1. Would you compute, from DSSP H runs of 4+ residues alone, the mean residue ellipticity of the chain at 222 nm, taking -39500 (n - 2.57) per run and dividing by the full residue count, rounded to the nearest 500?
2. Could you order the peptides 23-34, 207-218 from most to least packed, using the average number of other C-beta atoms within 10 Å per residue?
3. Ranking 206, 255 by Cβ neighbours within 10 Å, fewest first, what do you get?
4. For a footprinting-style exposure proxy, rank 163, 116, 75 by other Cβ within 10 Å, fewest first.
5. Students often check this: by mean Cβ neighbours within 10 Å, which of 313-324, 338-349 ranks highest, and how do the rest follow?
6. When Rg is the radius of gyration of the Cα atoms in region 1-136 and Rh is its Kirkwood radius, what does Rg/Rh come to?
7. If you average 1/r across every pair of different Cα atoms in region 279-362 and take the reciprocal, what Kirkwood value do you get, in Å?
8. Suppose R0 equals 56 Å. What FRET efficiency, 1/(1 + (r/R0)^6) with r the Cβ-Cβ distance, do residue 343 and residue 60 give to the nearest 0.05?
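Bear in mind that the values in this text are calculations on the coordinates, not laboratory data. This one's a predicted model, so the numbers in the text were calculated from it and none came from an experiment. Here Cβ is always computed from backbone atoms with ideal geometry, including for glycine, and neighbour counts include all displayed protein chains.
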């Protein structure tokens, strides 16, 4: 039986098109994917991301334990700083990508919705040191306020000066009397904040946020636009671009792997992979001809099959097809031209960095 987030009734009231996603009933769209995408790029939109999983780690060894189960170096985090990281299986395959919050009395791990139960079980299986692990996913609701006007909207709800909160930092505070974690994070490439709160406050929080954003034509945004916004920034999607068969080095996530810390699960196999050299790499590419790349379509260099598409879509901000995929390392150079084999072949070119380069969050 699919679950409902604490904002489910608000989606129904706003005529959201509800679908099942990661075990939840979620809005795929409200007025349409492209107009919702453009709302976030131009002003401000609100996403329900309560389906994400939240795992709390408490205890005197919480930092040591989190450093053991994640690839980034959590010990470098300042108080209230947030870090992007991955967790690996012993063979260096990716369990999940996640956010690590270093809070005053605990570390909060925010994991992907589709992996929430699996991740919690994996964390518990690898428990060691003096830690207490709690799955808070069922109790926490989360809203993401995203877009170039996110700060003036969100500022109306808080007494503290939000301009002092740096990107990937957070604060434990209250929103008009509701206790929240407020973080300057998001998945869109635009400025924005994510608000974590107990589910019982969801209805009040929704009304507050939409009231604050009325002057900026704030709108609810569905999963469809969340995906196109994410994709234009070339952020990896677990289950498509990364999974247990991929490792962070070939996925271009070497920057969140810190080999100079004491140890982490999967470290030795990953060092071996680094030593021998990458056989394939995750690339981003833009369509040069008509067509939209799609998941699992084959990629060719001339007559040779060299890889496959992991994600593909039409980019509303660029009005062209874009994609990501794994190709043999010898064919992964920036500027290299390849073909994606759909119904009709699509000529593509490998690009550097995000597809969309004009977001309000640099």
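1. Values: 8 runs with 71 residues, N = 362.
Taking each H run of at least 4 residues, the total per residue is -5500 deg cm²/dmol.
2. Values: 23-34: 19.4, 207-218: 16.5.
Top of the packing list down: 23-34, 207-218.
3. Details: 206 22, 255 9.
Ascending Cβ contact count within 10 Å gives the list 255, 206.
4. Values: 163 8, 116 22, 75 13.
The fewest-first ordering by Cβ neighbours comes to 163, 75, 116.
5. Working: 313-324: 19.4, 338-349: 17.5.
Ranking, from highest mean packing down: 313-324, 338-349.
6. 1.04
7. Values: mean 1/r = 0.0793 Å⁻¹.
With all distinct Cα pairs of region 279-362 included, I get 12.6 Å.
8. Between residue 343 and residue 60 the formula returns 0.45.
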